[in-house]
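The values are calculated or read from the model by the stated rules, or taken from the named source; none is laboratory data. Small disclaimer: the values here were computed from a predicted structure and weren't measured. Here the Cβ is made from the backbone with ideal geometry for all residues, glycine too, and neighbour counts use every protein chain on show. All accessible areas refer to the heavy atoms of the entire protein, side chains included, with ligands and DNA or RNA removed. Shrake-Rupley method; radii C 1.70, N 1.55, O 1.52, S 1.80 Å.
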Amino acid sequence: QVQLVESGGGLVQPGGSLRLSCAASGFTFRSSNIRWYRQAPGKERELVAFISSTGDTRSYLESVEGRFTISRDNSKNTGYLQMNSLKPEDTAVYFCNADIQGTRVWGQGTQVTVSS
């Protein structure tokens, strides 16, 4: 079965850090582009970060540029989102997404709450 499972979310103070993980199974992970999305209450889902299958190309939402880092370990079939200098406006459910030959597959999401 094709599956993405996010983990690493939680409650953190402003200025703190979290690392989200996305464990993939059931498909050829190394051939798939990976994206992280987030959705805050009352807001539309937005693309946070992108990484190509090889990791050679990465891009970010402007508001997280310089604070977040997307990465992947193809040997472990896992994607990551390192989040530093977190702000309250980063509070959202974060979703991992894989593009498998034109078909998008989503994880279940993990809650990130940034609050003092």
### Task
Search the stretch 1-12 for residues being over 11 Å from the mean Cα position of the chain (by Cα) and in a loop (DSSP other than H, G, I, E, B), and hand back the single one that is surrounded by the fewest Cβ atoms within 10 Å (Cβ to Cβ).
1
### Query
If residue 80 satisfies every condition in (1) more than 22 Å from residue 56 (Cβ to Cβ); (2) part of a strand (DSSP E or B) but one, which is the exception?
(1)
### Query
Taking the stretch 77-89 as the search range and keeping residues that are of a type in the set (Ser, Thr, Tyr) and under 23 Å from residue 106 (Cβ atoms), which one is least open to solvent (accessible area, probe 1.4 Å)?
78
### Query
Counting only residues that are polar (S, T, N, Q) and open to solvent by 60 Å² or more (accessible area, probe 1.4 Å), which one in the stretch 36-76 is farthest from residue 2 (Cα to Cα)?
63
### Query
Can residue 103 be described as within 17 Å of residue 2 (Cα to Cα) and among the hydroxyl-bearing types (Ser, Thr, Tyr)?
yes
### Query
Among the residues of the stretch 13-71 satisfying the criterion of being among the basic types (Lys, Arg), assigned to a strand (DSSP E or B) and over 15 Å from residue 114 (Cβ atoms), which is nearest to the chain's Cα centre (by Cα)?
35
### Task
Would you be able to tell me the number of residues in the stretch 69-83 that are farther than 14 Å from residue 46 by Cβ and in contact with a strand residue (DSSP E or B) (Cβ under 7 Å, 6 or more places away or on another chain)?
10
### Task
Identify the single condition in (1) over 24 Å from residue 2 (Cβ atoms); (2) in contact (Cβ under 8 Å) with a residue 60 or more places away in the chain; (3) crowded, with 19+ Cβ neighbours inside 10 Å that residue 32 does not satisfy, given that it satisfies every other one.
(1)
### Query
Tell me, which residue of the stretch 90-106 that is in contact with a strand residue (DSSP E or B) (Cβ under 9 Å, 6 or more places away or on another chain) and open to solvent by 70 Å² or more (accessible area, probe 1.4 Å) is farthest from residue 77 (Cα to Cα)?
104
### Task
State all residues of the stretch 15-29 that are crowded, with 17+ Cβ neighbours inside 10 Å and either among the aliphatic types (A, V, I, L, M) or on the phi > 0 side of the Ramachandran plot (or both); if no residue qualifies, say none.
18, 20, 24
